[in-house]
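First the structure, in the form of C-alpha cells, and then the observations on it.
Every read-out reported here was derived from the displayed coordinates using simple, explicitly stated rules and does not represent laboratory data. The model shown is predicted, which means the values in this text are computed figures rather than measured ones. Here the Cβ positions follow ideal geometry from the backbone for every residue, glycine too, while neighbour counts run over all protein chains shown.
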Amino acid sequence: MGRYVIRRLLQMIPVFIGTTLLIFIMVYALGDPVSALFGDRAPDPATAAQIRHDLHLDEPLWKQYLLYMAGIFTGNFGTAFNGQPVTELMRTAFPITVRLTIVAILIEAVFGVLLGVVSGLRRRGWVDTAVLVLTLVVVSVPTFVTGYLLQLLLGVRWGVAPATVSAEAPFNELIVPGLVLAAVSLAYVTRLTRTTVAENARADYVRTAVAKGLPRHRVVGRHLLRNSLIPVVTFLGTDIGALMGGALVTERIFNIHGVGYQLYQGILRQNSPTVVGFVTILVIIFLIANLLVDLLYAVLDPRIRYA
Amino acid sequence: MRTTAQVSWIAGAAAVALAATACSGGGGGSSGGGSVPGGVVRAYWGDPQNPLEPADTNEVQGGKVLDMIFRGLKIYNPDTGAAQNEVAQSITSSDQRTFTVRIKPGWKFSNGEPVNADSFINAWNYGALVTNKQLNASFFAYIDGYAAVHPNSGSPTARTMKGLKKVDDLTFTVTLIQKFSLFPDTLGYSAYYPLPKAFFSDPAAWLRKPIGNGPYVISSYTKGSKMELRKSSNFSGPDRAQNGGVDLIVYTDANTAYTDLQAGNLDVIDIIPAAQLANAPSDLSGRFINQPAGIIQTLSFPLYQANWSTPGALKVRQGISMAINRPQITQRIFNNSRTPATDWTSPVLGQQGGFSKTICGQACTYDPARAKTLIQQGGGLPGGQMTISYNADGDHKSWVDAVCNSINTVLGNNHACVGNPIGTFADFRSQVTDKKMTSAFRTGWQMDYPLIQDFLEPLYTTNGSSNDAHFSNPQFDKLANQANAAPNSAAAVSSWQDAEKILAVQMPAIPLWYQNAVGGYSARVSGVRLNSFSVPVYYRITVKS
C-alpha cells in the first residue's frame, strides 16, 4: 500500500510538469497581454517595454517557463496585473470554491445514491420511471438555464433564497448555487447507482444474504450498496476536480468570487500567472482526488489489493 | 467657487445641522421624500484592472474610486461637463505655454496632510517616470522635461521634470514643450490628482487602502470583492457627499448585478446587459438612465496599406460610410443606447465645446445609390472584398454583422463585407498597434476630458498617440497646432472644427455612433445620474428614509 502510494505520487511529477508547460504555452499563444492594459489607446512604447521587462515577457518562452517554475518552488506564483500576488487570490478563491464543491458533492452523493437505490430496487415501477424522466430533463437542460431560472424564481420572485452570494460566501448562501452545480452530476450519479444496484440485486451474494434471513436494510446497506458504489465513487472522485474548475458558469451567475471566476478573469486579461497558477493547483487536486478514489476501492471491495 | 477654507467649513457645519433638522422634522409625517444623511448606497463595481494609483488607472472601474477619494485642480461639472476650478484657485498663463497654478488654502488629505504644491509636483513626477510603469505616463508628455524622465528607450536621465517649479507652498508653475491653450481644462483627469506624502513613504500600505483628498474615504477594502467608502469628515470642497457612504460591490457578471438590482440587493448600476436593454425601462419602472456619454465608436482603415491609401480608396471610404444605415442599426441592435454619429467628437461637449451635427454631413448620411456610385468610381473595394476586424471577447459581433449587411445590401453582393473576429482584446490591440491590419477595423474612443482636442489630437495628428489608422495630413497638423496656440478656448474650438472638416473629406475613420451611458437604480435612492464619463455621480445620491 505505502509503496503504491509513493509510486503514484512520483508519477504525478511528469504530469505536473507537462500540464503546466502546456498551459503556459497556450496562454502565451494568446498574444501580448500588455497592449490590452492600455484599452483602446495605443500603448506608450517606453511604458509598455518597461512592463514587459518586469514581467519577463521580453525573454524567450523557455526562459519564462523556467523563471516561473523557479518561482513556484519558492512559493511565488507571480503577481496579477492589479498588483495582487496570485497566492493571495488563491487564498480567497479556493476556500469559497471548496465550500461550493462540498455542498454540490453532498447533494450529489446523498440524493443521487438515494434516488438511484430506490429506483434500482423498484425497477419499472412508477418511482423508477419518474426518476428516469426527471434525470433526463436535468441532463438535457444547460447549467445556465437552471441557474438563471432558480435565481429568478427563488431569489427575485419569491425571495426565499438570496439571489446572489455575498463576498464571504457562507454555506447557507451556497445551497442554491450548489444545487445548480450538482444538478447534472446528480442525474448521472442516480443513473449510475440505479444500473449497478439493479445488476447486483440479482447477484449470488445478495441472494445468499437474503436466504440467511438478514434484515432488508442490512442486505441493501451492507452487501448490495457497498459493491455497487465503486463506479459511483469513481465518478464522484473525478467530479470533484471538474466541479472546482468547471464552476465558472455557476459562479458568474451567482456572483461567487471563486476559482472559476478568477480563471475567467485571468483568461480575459491574459494574465498568465493567474491562469497557470490556478490550473496548477487544480491539476494537483485532480491527481490527489484520483489517488484517493483508487485507495477507496480497496476499502469498498476487500478483493482489491495494492502492492 | 472662490470661498476660503474657513467659510466653506462653516457652511459645511451649517449644512450638516440643517440636514439633521430636516431628518428629525421628517419623522412628523412628511410625504416620504425625506432622506437619511447616513444612508449607504450599494453600487455595482467591477474588479479594477490595475493598482489604484491615479497615474496607473485608465479604466472606468478604478477611475470610479479615484473620483470619489480624490479631487484635482479642476473638476468637470457633472451636469455640463465644463471644467471648473476645484483645488485650484486659479490657473493663468500669458503665453499659453507657462501656466501658473495657485492652490486654494485649507485643502487636506483624509490623513490630515495639507494639499500643497508639492502634492501635485511629486505626484506628477512620479507618474511620468518611466521606471514607475504608469499607464497614464503619456498624459505628462506636454510638460517640459518629460523626455528626460520618460525616454523612448534606455534609462531616464532625470527623476523630475524641469517644467514643474514650486514658487511657494501653494503656487507652482508648469512649462510645456509647446503652446496648449486648453491645458488647464485637462487637469480634471485622474492622472493629475495630487498624492500625499504617505504614498511615497509606504507605497504598499497606501495601495492597500488609498488616501486622498476627496469627499469619501476608504473605510475598508477587500480586494476583488468589496470596497466600503464613507463620507470624509475633513473634506474641504463644495461637493460634499449627500449620503453616508458608498459600498462598491464587485460583480462577476452584468446580468448578476441586474438581477440583484431587481431583487433589491443593489441600489445603483452603471451597466445594463445588452440582452436586457429592451425591457429595462419597464423592469425598472422608469428608474432607467440612458443619456449621451463621451464615447464614440468608429471604423478605421489601415492607411499604411498601399491599397487603402490611393485617391480611389478615398472615394471607397466615403462610399462605405454612406452605405451604413446608422439609425436602423442603433435602433435594432442597440435599442437606442447609441446615437448615430454626425461628427468625430461627442454630444457631451455641447455646441460650444465643439460638437457639431453637420460636420460629417452627407458623408455620414445613409444614401445607398450614392454610396454604390462612389465605391464603383473608386475602383470598388480593394481586392474586391473588405473585412471588419473586432475582438470577439466584447459585444461586437452583432453590430459588425449588421454594418457588413448594410454594406452588402447596398453593393448587392453578399460577400463584399464580412466580419473578422480576433480572439481576445489583447491580441486585437497588438495587431492594430503592430500595423498588421489589412482592412477596416473597429476603433473606439472614450474621452479623458470633455474637450474637442481629446477627440482629435491623439487620433488624427501625424504623431498622435492613438492614431491607429496612421492618418497623416499636413493641413490637419497645422490646424491642430494653431488650435493649441489659440489665445482662448472659443478660438481653439473653431480651429479644431476646421481640422475636423478635413476628416470629413479624407475619412480616415468612419464615425459610427456615440455610445450612451446606461444605468439603473433602486427605489431606495434618488438623485442618481451619470456624468459625461458614464460614471454615476455618487456624491449627489441621496438615500430615502
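Relative to the compact globular guide of 2.2 N^0.38 Å, what is the alpha carbon radius of gyration of segment A:109-178, as a ratio?
That works out to 1.40 for segment A:109-178.
Only Cα pairs within less than 10 Å get springs; with that Gaussian network setup on chain A, which residue of A:Leu186, A:Leu132, A:Leu214 has the largest fluctuation?
A:Leu214
In this model, which of B:Lys315/B:Lys435; B:Lys223/B:Lys544; B:Lys104/B:Lys231; A:Lys63/B:Lys223; B:Lys64/B:Lys436 are farther than 24 Å apart at the alpha-carbon?
The pairs that break the limit, which is 24 Å between Cα atoms, are B:Lys223/B:Lys544; A:Lys63/B:Lys223; B:Lys64/B:Lys436.
Could you work out the percent of alpha carbon pairs in the protein assembly as shown separated by over 47 Å, rounded to a whole number?
Tail of P(r) above 47 Å: 32 percent of Cα pairs.
How high is the FRET efficiency between A:Leu61 and A:Arg7 when r is their beta carbon distance and R₀ equals 56 Å, given to the nearest 0.05?
0.95
How big, in percent, is the set of alpha carbon pairs in segment B:158-225 lying more than 18 Å apart?
For segment B:158-225, the fraction of Cα-Cα distances above 18 Å is 58 percent.
Take the Cα gyration tensor of chain B, multiply each eigenvalue by 5, square-root it, and list the three semi-axes largest first, rounded to whole angstrom.
40, 30, 20
Give me the distance in nm between label points sitting 7 Å out from Cα along the Cα-to-Cβ direction at A:Met69 and B:Glu59, one decimal.
3.2 nm
B:Ser90's amide H: which non-local residues (gap 5+, or another chain) put their own amide H closer than 5 Å, with H modeled 1.01 Å from N in plane and none for Pro or chain starts?
Under 5 Å from the amide H of B:Ser90: B:Arg102.
Between B:Thr438 and B:Gln351, what's the calculated FRET efficiency when r is the beta-carbon distance and R0 is 35 Å? Round to 0.05.
Between B:Thr438 and B:Gln351 the formula returns 0.35.
Using the C-alpha atoms of segment A:89-300, what convex hull volume per residue, in cubic angstrom, is computed?
Cα convex hull per residue, to the nearest whole number: 132 Å³.
Each label point is 7 Å from the Cα along the Cα-to-Cβ direction; what then is the distance between the points at B:Thr100 and A:His217, in nm?
Reported label-point gap for B:Thr100 and A:His217 is 9.4 nm.
Calculate, in whole percent, how much of the Cα-Cα pair population of segment A:2-73 lies beyond 20 Å.
Of all Cα-Cα pairs in segment A:2-73, 47 percent lie more than 20 Å apart.
Taking θ as phi - 60°, what are the ³J(HN,Hα) couplings along segment B:95-100 by the Karplus curve (6.51, -1.76, 1.60), each to the nearest whole Hz, with x for Gly and Pro?
10, 6, 10, 10, 10, 9
How much FRET efficiency would the formula 1/(1 + (r/R0)^6) give for A:Phe111 and A:Asp301, where r is the Cβ-Cβ distance and R0 is 22 Å, rounded to 0.05?
For A:Phe111 and A:Asp301, the calculated efficiency is 0.35.
Which residue fluctuates most in the GNM of chain A (Cα springs below 10 Å): A:Pro177, A:Pro95, A:Pro14?
A:Pro14
Most mobile of A:Val133, A:Val113, A:Val233 per a Gaussian network model of chain A (Cα springs, under 10 Å)?
A:Val133
By how many degrees, between 0 and 90 and to the nearest 10, does the Cα long axis of helix B:254-263 differ from the longest principal axis of chain B?
50 degrees
I want to check the label-to-label distance for A:Tyr148 and B:Ser90. Put each point 7 Å from Cα in the C-beta direction and report it in nm to one decimal.
For A:Tyr148 paired with B:Ser90, the spin-label model returns 5.9 nm.
Give me the Kirkwood hydrodynamic radius of segment B:436-483 in Å, from all C-alpha pairs, to one decimal place?
11.6 Å
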